[in-house]
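The values are calculated or read from the model by the stated rules, or taken from the named source; none is laboratory data. These numbers come from a predicted model, not from an experiment. Cβ: placed from backbone, ideal geometry, glycine included. Neighbour counts: every protein chain shown. Accessible surface areas use protein heavy atoms only, side chains included; no ligands, DNA or RNA. Shrake-Rupley method; radii C 1.70, N 1.55, O 1.52, S 1.80 Å.
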Amino acid sequence: MTAEHVWSQCLSFIEDNIQPQAFKTWFEPIQPVKLQDNALSIQVPSKFFYEWLEEHYVKLLRVALRKELGENAKLVYVIKMENADKSSSFTEQIPSKQKSLFAPQEIDIPVVSKDPSLKNPFIIPGIRNIKIDAQLNASYSFENFLEGESNRLARSAGQAVANKPGGTSFNPLLIFGNVGLGKTHLLHAIGVDIKEKHADKTILYISAEKFTQQYIESVKNNTRNDFIHFYQLIDVLLIDDVQFLAGKSGTQDVFFHIFNHLHQNGKQVVLTSDKAPVDMQDIEQRLLSRFKWGLSAELSPPDYHTRVAILKNKLYLDGMTMPEEIIDYIAQNIKSNIRELEGAIISLIAQASFNKKEINLELAQQVVDKFVKNTKKEVSIEYIQKMVADYFEMDLDTLQSKTRKRHIVQARQLAMYFAKRFTKASLASIGSQIGKRDHATVLHACRTVENLADTDKQFKKYIEDLSKKFS
Ligand code: ADP
Ligand code: MG
């Protein structure tokens with residue numbers, strides 16, 4: 001009889017006796033380690049996990065184990081945990097503490113502090129009971145979050161969640177979209193609304209970055225359990241920018257357990273991310289699959305009418321007015337980022353008041369010009385290739401192909417030249433992205449383009465036309 005065999009027998013018994021979801025969460029991650037003297041050692045991913053098993057499933061485990069190993073069956077947990085910095089992992093062995101259920105054991109379980117109030121910065125010490133400051137910004141309300149086609153689903157899902165936290169199928173609710181499209185605002189709005197409607201709920205807004213810092217601190221200070229227990233107190237957990245967890249497996253692990261705990265207890269979790277779950281990299285699969293349990297709602301760039309409405313609302317809140325024509329001009333020219341839209345208005349007002357100029361269309365043009373240029377993101381190699389291919393009316397595959405046809409070679413060389421000029425990518429990286437060429441080919445392409453620009457008028461025109469698209 002091996003540990004594997006015994007454990008797989010136990011698993012089939014357990015699987016028949018609990019919910020599939022619970023089985024997946026709490027039993028699939030377990031690994032049998034060894035079988036010795038009637039004691040089965042199983043490896044679990046965290047102390048929290050072990051505590052959870054002991055609290056909720058120890059009876060089931062006992063029945064299962066006794067069926068296999070008889071009345072003297074024993075269970076030993078091996079906790080294998082990755083450290084936050086990944087440089088080391090440590091292992092700890094703990095026998096099941098249910099002395100009445102399993103044979104007596106000598107080793108003691110470390111006591112978990114039940115009073116996290118001293119350790120967590122968000123806790124406001126109170127006289128009778130502890131209170132957690134929700135970290136919400138009241139001005140980020142639903143009222144100030146203007147509705148449009150681009151945000152309708154996310155906004156109404158947010159409202160549904162706020163009306164019935166933990167009581168809808170939108171759990172977790174994941175809001176995703178590019179920077180500046182209102183993720184943080186909407187997340188706060190949900191919290192602000194819940195605070196108003198459900199005064200008894202403990203709400204917490206936190207960025208994934210801060211969460212990570214806190215976690216790392218807790219590992220350093222040996223207060224990991226306090227950290228976890230603190231988060232278990234929360235009824236509505238609002239986590240901003242979860243893409244920040246990418247590659248941080250220790251934090252992902254602890255978040256996974258906190259998430260499971262909250263979810264199983266009917267608590268609400270709302271997450272935001274700058275990517276859709278399918279595009280998130282370096283986030284563990286089991287966590288990604290959790291993200292998909294509820295609803296993923298996208299925030300898209302707002303359409304023109306929504307942009308105008310947002311600008312007017314912003315002016316109204318600031319007690320300002322501005323000619324329609326100028327609002328229209330800004331809304332026409334800044335399209336993909338609401339933060340930039342607001343930024344343009346603010347700098348326009350500032351320009352006008354500092355320089356004692358009138359706000360007119362000309363000033364608006366100057367500001368928007370500067371604004372759009374200053375905040376323009378680096379173009380991607382992908383975008384460059386697409387623009388060059390479009391310009392020469394060929395498709396991307398043709399541009400990247402191995403063909404030696406002159407006009408295609410030239411298009412490809414232009415793409416390489418622009419990639420060198422407008423991105424920070426290395427020659428090697430440019431080459432590998434544009435038709436899998438090496439760095440020498442890219443260097444050669446850049447030189448050829450520069451030479452042709454000096455000698456060939458038509459070619460020079462190509463460069464000028466295309467440059468406008470990237471600068
Ligand atoms: P993200 O977190 O997606 O980067 P933010 O939530 O910080 O974006 O939003 C950027 C700015 O745009 C904030 O000042 C926010 O109030 C504003 N904003 C975003 N969406 C809306 C909206 N629908 N109505 C009004 N203001 C909005
Ligand atoms: Mg944000």
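So the values come out like this:
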item	result
Some residue of segment 32-43 being open to solvent by 60 Å² or more (accessible area, probe 1.4 Å) and either among the hydrophobic types (A, V, I, L, M, F, W, C) or part of a helix (DSSP H, G or I) (or both)	yes
Output for segment 221-238, where each listed residue is open to solvent by less than 10 Å² (accessible area, probe 1.4 Å) and without any contact (Cβ under 8 Å) to a residue 40 or more places away in the chain	Tyr231, Leu237
Out of Glu382, Glu325, Glu358, sole residue that is open to solvent by 80 Å² or more (accessible area, probe 1.4 Å), within 30 Å of Arg437 (Cα to Cα) and either in contact with a helix residue (DSSP H, G or I) (Cβ under 9 Å, 6 or more places away or on another chain) or not charged (D, E, K, R) (or both)	Glu382
Meets criteria (within 16 Å of ligand 1 (Cβ to nearest atom), on the phi < 0 side of the Ramachandran plot and surrounded by 19 or more Cβ atoms within 10 Å (Cβ to Cβ)) for Leu317	no
Test: residue in segment 120-130 that is more than 16 Å from ligand 2 (Cβ to nearest atom) and modelled with pLDDT of 50 or more	yes
